[in-house]
Amino acid sequence: MPDMIASEILLESEGIDLFGDPTADLDSFVIRGKLRLFLAKPRRITRIYMRFTGQTQTSIMDDLDGQYPIVQVADSGLNIIEKSTRFTAGLTDVPFELSIPGDIPATCSLPQGQTSYTLSVEIMLSSPLNKLIKPIYIEKPIPVRRSFVTGLDLLAYMPSSRCKGTRRQMAAEFEAPKVVCQESGSIVVHGKVLGCFNKIVVRLEQLTVYRLCSNDPKRPTSMGPLFDKPVVENTVAFERQYDFENIVGDIEEEIVAEIHTTSPKTPLFTDVRSPLIEVCHRLRINIHWVDKKEQTMSLAFPVVVSTLPFKDVSARALADLAPPTILWTRAAIGSDGDEQVIEDVRHDHELPSYGNLIPTSRPSINTSFNTAAVASSDTSNDASPPSTPHSISSATSNLSIAHNSLEDSVSRAMRSVRSIMTHDSQGVGLALSKLFP
C-alpha cells in the first residue's frame, strides 16, 4: 500500500521474561510496547488488531506423511483501534498493552521439536472499497525465556542438594547447586571421599523427551493413545575426569571438582516443560576405586539449567529473597592441643556471638611480654590516677611481679578459652573475663 511506507512493532525488552516453573506461574503477563507507523499522507485506519500466538511441535516419526502434532500453547488478542481514526502523515507511535497467559513454556529449538511465539498485527485502512482492500499484516517472532535466577550475583543465594553413598569401608558425600546458569561458565561441586579411589568423573547429563500426544489436558492434540509413546534421549553435555594417585584411604579426602560450561559436547538447552517437549538435567559423579572388583559408585543430583532474563531484575529480586543461611566456620583448640572445626549455622537477621567472631586461623601466642605490652594491658578504666613508684628498684620488682602474674593470668585464660571453644558454643566471653581476676 503506497499510503503506508513502513510499520514496526517495538517492545520494551528483547523478549518476554518469565520466572519459575510453568505450573507455578499462573498469573498473566503483560506485553508492553508500541506500534510505529510511517504514513506518506494523512489516512484513516478503521482497525488495528494485535494477536499473540504460540505453538509447540515435534517431528520424531517419519511415517506420518509430514503431519506432525502441534499444540497451541498461547492465543491472545487485543483491538488497539476499534473505530475509524485519522492519522497524520509522518511518524506515529501507538502504545499497546497485551495480556498473555503466564504458564507458557520457554522458547526452544531442538533437533526433533520446537516451541515458538509470534506477535502479529493486522491493520485495516479506511477506503470506500473496504471489501476489496486487503489488510496489512506485520509479524514479529517473540522469544520467551523462563529463568530460575534473576542475575549472576544471586547464584550464591540458590539452594544446594547433598547426596551420600556408603559401601562397607567406603563412603562419599557431595554437595552440588540445584540451579545452574548458562552464563556462569562453570559448575563447582564440593565433597569428600573415604576409601582407596583413583578416578572421579563429573558429568552433566541432558534428558530430552519428545511426545506425539500432549500430556496437558488443557491443551490436547489430535493424536490418539496409539501414539502415546515418548522418545527419550540422554546425552552428555559436559564431562571432566580427575585422576588421583597415592590415596591411602584411611582418611577423608576433600574434593573440589569444577566443570566448564563454555564448550559442550552436545548443545546445552535450558530446562523446558511443554505439552510435547521436556528437557531436564542431572549432575552425575562417578567414583572409581583402586580395587577393580568394587563397582563404581555413582551419585546423581537433579539440576535446573537456567539462563539470565532479558531484563536485569536483580535489584527487585534481592528484596524478595529470604535471609540466606550462612555457615560460620572457626578453628578451635581442643584440650589435647588438636585443632578442631566448629560450625555454627545462623540467619542474617541474627547477630553473631563472640564465638562467631573468632578468626579461622589460630594466632601465634607469644608468652614473652615487654614493658609496653604490660603497661597497655594493665591500664584500668577507673578515674583514679596511677600510683607513682617510690624508687627504681621497687618499680622494677613490681614490674617483674606484674609480669609473672600477667603470664599466669593469660595461661589460665587460654586454658579456659580452649575449654570453652571445645565444649561451649556460646563464645569466649566468660574466658575473657578471667583475664584479669
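Points worth noting:
- Residue match in segment 222-231 (condition: of a type in the set (A, V, I, L, M, F, W, C), in a loop (DSSP other than H, G, I, E, B) and either touching a helix residue (DSSP H, G or I) at 6+ places or on another chain (Cβ under 6 Å) or at pLDDT 85 or above (or both)): no
- Counting only residues that are at pLDDT 85 or above and either closer than 27 Å to residue 55 by Cα or not in a loop (DSSP other than H, G, I, E, B) (or both), segment 239-258 holds 11 of them.
- Boolean, residue 181 is touching a strand residue (DSSP E or B) at 6+ places or on another chain (Cβ under 6 Å), of a type outside the set (Asp, Glu), outside the structural domain of residue 56 (by TED's automatic domain parsing) and closer than 30 Å to residue 54 by Cα: yes
- Lone unmet requirement of (1) out of contact with any Cys (no Cβ under 9 Å at 6 or more places or on another chain); (2) not assigned by TED's automatic domain parsing to the domain that holds residue 214 for residue 69: (1)
- Failed criterion for residue 198 (all others in (1) in contact with a Lys or Arg (Cβ under 8 Å, 6 or more places away or on another chain); (2) part of a strand (DSSP E or B) hold): (1)
- The set of residues from segment 134-185 being surrounded by fewer than 14 Cβ atoms within 10 Å (Cβ to Cβ), charged (D, E, K, R), under 22 Å from the mean Cα position of the chain (by Cα) and not in a strand (DSSP E or B) comprises 153, 183.
- The set of residues from segment 191-214 being of a type outside the set (Lys, Arg) and surrounded by fewer than 16 Cβ atoms within 10 Å (Cβ to Cβ) comprises 198, 207.
The values are calculated or read from the model by the stated rules, or taken from the named source; none is laboratory data. Being a predicted model, the structure only gives us computed values, none of them experimental. Virtual Cβ from ideal backbone geometry, glycine too; neighbours counted across all protein chains shown.
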